[in-house]
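Okay, so here's the structure we're looking at.
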Amino acid sequence: MLGIAIVLMFLLTQATGNRELYERNYGRLFALNMVVAGLLLLVIGWVVVRLVSRLRRGKFGSRLLLKLAAIFAMVGFMPGLLIYVVSYQFVSRSIESWFDVKVEGALDAGLSLGRSTLDTLAADLANKTRAAAAQLSEVPDTSAPLVLDRMREQLSANDLILWSGNAQLIASAGQSRFLLNPERPTVQQLRTARSQRSMSVIEGLDETPPTAGQARVKALAIVPGPGLAALAEPRVLQVTQSLPPTLVANATAVQEAYREYQERALAREGLRRMYIGTLTLSLFLSVFGAIFLAVLLGNQLARPLLLLAAGVREVAAGDLSPKPVLQGKDELGGLTRSFAEMTQQLADARAAVEQSMGQVNAARAHLQTILDNLTAGVIVLDEDGRIESSNPGATRILRVPVAANEGQPLASVEGLQSFGAAVQAQFEEYAQERRQHGLDHWQQSFELSPSNPVSPTQGNTITLVARGAEMPSDVPGRSARLLVFDDISEIVSAQRAQAWGEVARRLAHEIKNPLTPIQLSAERLAHKLDAKVAEPERVVLRKSVQTIVDQVDAMKRLVNEFRDYARLPAAELKPLDLNQLVADVLNLYVRDGETAAGSHVPVRAELDPACPQILGDAQQLRQVIHNLLQNAQDATEGSARPEVVIRTQWNETSRRVRMTVMDTGAGFPEHILKRAFEPYVTTKDKGTGLGLAVVKKIADEHGARIDLKNRVDGGSVAGAQVSLSFAVAA
C-alpha cells in the first residue's frame, strides 16, 4: 500500500507538466488498486466469518482479534470518507478557474510578433547578401578570400563562403575557414537561389531544446558573371549570421508557453477526471493506511505473540541466544517463559556438541600434522587397492605425486605398477591368514626402480620396508587398508659398504703377509740358479721369476687399495678454495697448456671464479679428484673425440658449490649405473671397482650430494658425468 501511495503522489505532482506520463500509467494503477481493494474486502469478510466462528468455540486469541477488528472499523473508514468528499468538491470547482481567455490572446499576439521579427531579419540578410554578390562579380577566385574577409566585417556576419555552381568550395571567411569540410548548401537551397537570385532560411530554432548559440540566419545569393563569362557556371555566395540570444530565448519561451497552454486547454476535462480518480485511489489507500495504524495500535495486545513468533524464527535460523520473556501471569507470559527455557536447553546441548566436534577436529588436525611430518610414507587404500589418502612422505619416498592420483588404483600409477600389484597380493594373502591365524599386520621389503629418479647415488633403486594392516571404514561392509613404508636404501648401502670394508680388512691381512716371502724366495731362487743352468733354461728362469715379482707387486697394489678403502680416516673439514685445489691437481695432468706425460686424454678446466670457500678435507678431496679424472680418462681412451672436462659452479639459489667431471666415452651400462658406487663394481678389465666406492665414502664424510649419470645428446649416450655438491663455509 505504501508503494502504491508513493507512485500516486509522484504522478499527481507531475500531472500538470507531464500529462502523458500520468495518462499512460493511470489505468494500470487504478486497476491494480481496485484489485487490491477487492482482495482486501474478501479477506476482511473471511476474517469476520472466522472471528465469529472462533468466538463461538472459545478459541485462544479470539478476543484479541475482536479488538483489532473494532479498531480497524473505527479508525480506518470514517476519516477517509470525510476527506474524500471535501477534496472532490474542491477539485471539481478549481480546475475551471485555471484557464483565462486573456492569457490565450496574449500568447497568440506574442507568437505572431516573434515570427514577424525573425522574417524581417531573414529578408534583410538576403538583400545584403544579394548586394555583396554583385560586388563579387568582377573578383577572380584567387582574390576572393581577401574580399570575403572585408565583406564579413561590413555585414557583421559570422561566416562567408563562396561556392561554385556544383557546390565546390572556392573561398571562405570566418569560422568555416578552420573547417576541413564546411557544411554545403542543399540542392533545394541552390535551386531556390538560382530561380529567385537569392534566398534566406532560419536554422536552429527547431532543435529540442533550442539554444541561442546554434540559431542563425543563412542567406544564399547568385554572383553574376562578368561580361563574356555570363554563360559560365555561376558562383554562389553564402552568408551566415547568428541570431541575437535574447531574441531566440524570447521567441522560444513564447512558443513553448503557447504550445503548453494549448495542450492543457485541450486536456482540461482529462485533468479533472484524473485528479478525481487520484483522490478516489487515495481514499482506498487511506483505508489501507488505517489498517496499518490499527496494527500499530494493537501491537500492545499482540506483543506476546509477536515476541514468541520472533523467537521461533531465530531458533529456526540457528540463533539460540537467550530470549526475552514477559512477566505477566497470563497464558502468553507463561508461554514465553517456557519457550525461553527450551531455547536455553537447546543452546546448552549445541554447545556440548560443538565442544565435542572441536575436540574431534583438533585430534584430526593433530593426526594430520603428525602424518604430514612423518619421514615414513603412509597410504590408505580401499579393498580394491585404490588410493584414498596419502601423506607427503609417500610422495617423497616413491618419487611419484601420490596425492594427485587419489581415487586411482596404486597398481595403475606410472612407475608403481609392480609395487602396487605386490602390495595388493600381500593384502589378499594377509586377509586369508588373518582369518586363520588372527594376524594383525604384515611386513615385507620391496625394491623399487622409479621412472623419474632424482638421486642416482642410490643406484636408481629404492629399498622399501612396508607394513600393512586393516582399518575400520565409514562404509558398513567395507574396510580400509593402511600401508606404511620407509626407505631403507641408505641403511642397506651402509651395511653393504660395512661388509665390503670388513672383507677389505681381511684380504689385506690374509694376503699381504705371504706376498713378501714369495717375492724374496723367487728372487733368491733366481740368484742361486742363474749361474748353474744353461742359457736357454736361464732365460726361462729369469722370465718366470720376473712374472712372479710383477704379479706380487700387482697383488700388493690391490691389497693396498682394499686397505685404503677399509681404513679411510675421518674427514677433517676446514674452509678451502675448491678452485685452487682443482688447479693444483690439474698440474699433474696439464703443464704449460700441454697434456702431461703419460696422459693420452686432454683435460680442460672450467672454473667459476664466483665460487666461495667450502668445508672439506684437502687430502681426501685431492684423492676424489684424482680418482674421477683417472676414471674419466680411462673411459675416454679410444673414443672419436677424447676429452675430459672438470667444472666448478656456484648456485646462488641452493647456496652450494657443484664440481662436475665429464668425459666423452661410452657411458655406463644400465646394470652398472644402478650399482656404480658399490665396491668391486667396475667396467675395467684390470680395475678393482673401489675408485667410485672411495669417492662415495668421502662424499658422505663431507655431507656432499653425489650424482652419476650418462650424458645424452640427440638420443644417444655422449659420455658420463659425476657431480658433487658441497656446502659453503660459514
Inset, instruction - Give GLY311, GLY318, GLY407, GLY377 a once-over and let me know the one that is under 23 Å from TRP442 (Cβ atoms) and not polar (S, T, N, Q). - result: GLY377
Inset, instruction - Scan the range 361-382 for residues that are out of contact with any Ser or Thr (no Cβ under 6 Å at 6 or more places or on another chain) and modelled with pLDDT of 85 or more and report the count. - result: 4
Inset, instruction - Would you check if there is a residue in the range 314-336 being in a helix (DSSP H, G or I), hydroxyl-bearing (Ser, Thr, Tyr) and either free of Cβ contacts under 8 Å to residues at least 24 places away in the same chain or within 30 Å of PRO392 (Cα to Cα) (or both)? - result: no
Inset, instruction - Out of LEU367, LEU371, report the one residue that is out of contact with any strand residue (DSSP E or B) (no Cβ under 9 Å at 6 or more places or on another chain), under 20 Å from LEU483 (Cβ atoms) and either crowded, with 16+ Cβ neighbours inside 10 Å or not assigned by TED's automatic domain parsing to the domain that holds ALA431 (or both). - result: LEU367
Legend entry - Residue that is modelled with the highest pLDDT, among those in the range 208-225 that are within 15 Å of LEU118 (Cβ to Cβ) and in a loop (DSSP other than H, G, I, E, B): ALA215
Inset, instruction - Please find, among GLY407, GLY415, the residue that is farther than 16 Å from VAL484 by Cα, within 29 Å of the chain's Cα centre (by Cα) and assigned by TED's automatic domain parsing to the domain that holds GLU447. - result: GLY407
Legend entry - Members of the range 652-688 that are within 22 Å of LEU621 (Cβ to Cβ), assigned to a loop (DSSP other than H, G, I, E, B) and modelled with pLDDT of 85 or more: SER654, ARG655
Legend entry - Residue in the range 641-648 that is of a type in the set (S, T, N, Q), closer than 15 Å to ALA720 by Cβ and within 49 Å of the chain's Cα centre (by Cα) present: no
Legend entry - Residue count for the range 488-535, restricted to those that are charged (D, E, K, R) and at pLDDT 75 or above: 6
Legend entry - Odd one out for ILE202 among (1) farther than 25 Å from ARG152 by Cβ; (2) surrounded by fewer than 20 Cβ atoms within 10 Å (Cβ to Cβ); (3) at pLDDT 75 or above; (4) among the aliphatic types (A, V, I, L, M): (1)
Inset, instruction - For the range 139-169, enumerate the residues that are outside any helix (DSSP H, G or I), surrounded by fewer than 18 Cβ atoms within 10 Å (Cβ to Cβ) and either in contact (Cβ under 8 Å) with a residue 12 or more places away in the chain or of a type in the set (Lys, Arg) (or both). - result: SER156, ASN158, SER164, GLY165, ASN166, ALA167, LEU169
Inset, instruction - Tell me, please, whether a residue that is in contact with a helix residue (DSSP H, G or I) (Cβ under 6 Å, 6 or more places away or on another chain), in the same structural domain as VAL712 (by TED's automatic domain parsing) and either at pLDDT 90 or above or part of a strand (DSSP E or B) (or both) can be found in the range 629-644. - result: yes
Inset, instruction - Test GLY318 against the stated conditions and say whether it is loosely packed, with under 11 Cβ neighbours inside 10 Å, within 32 Å of the chain's Cα centre (by Cα) and at positive phi. - result: no
Legend entry - Residue, modelled with the lowest pLDDT, within the range 35-90, restricted to residues that are among the polar types (S, T, N, Q) and assigned by TED's automatic domain parsing to the domain that holds THR280: SER62
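Sort through ALA421, ALA362 and tell me the only one that's surrounded by fewer than 17 Cβ atoms within 10 Å (Cβ to Cβ), without any contact (Cβ under 8 Å) to a residue 24 or more places away in the chain, assigned by TED's automatic domain parsing to the domain that holds ALA480 and in a helix (DSSP H, G or I).
Selected residue: ALA421, the only one of ALA421, ALA362 that is surrounded by fewer than 17 Cβ atoms within 10 Å (Cβ to Cβ), without any contact (Cβ under 8 Å) to a residue 24 or more places away in the chain, assigned by TED's automatic domain parsing to the domain that holds ALA480 and in a helix (DSSP H, G or I).
The values are calculated or read from the model by the stated rules, or taken from the named source; none is laboratory data. Everything numeric here is computed off the predicted structure, so don't read it as measured data. We place every Cβ from the backbone using ideal geometry, glycine too, and count neighbours over all the protein chains shown.
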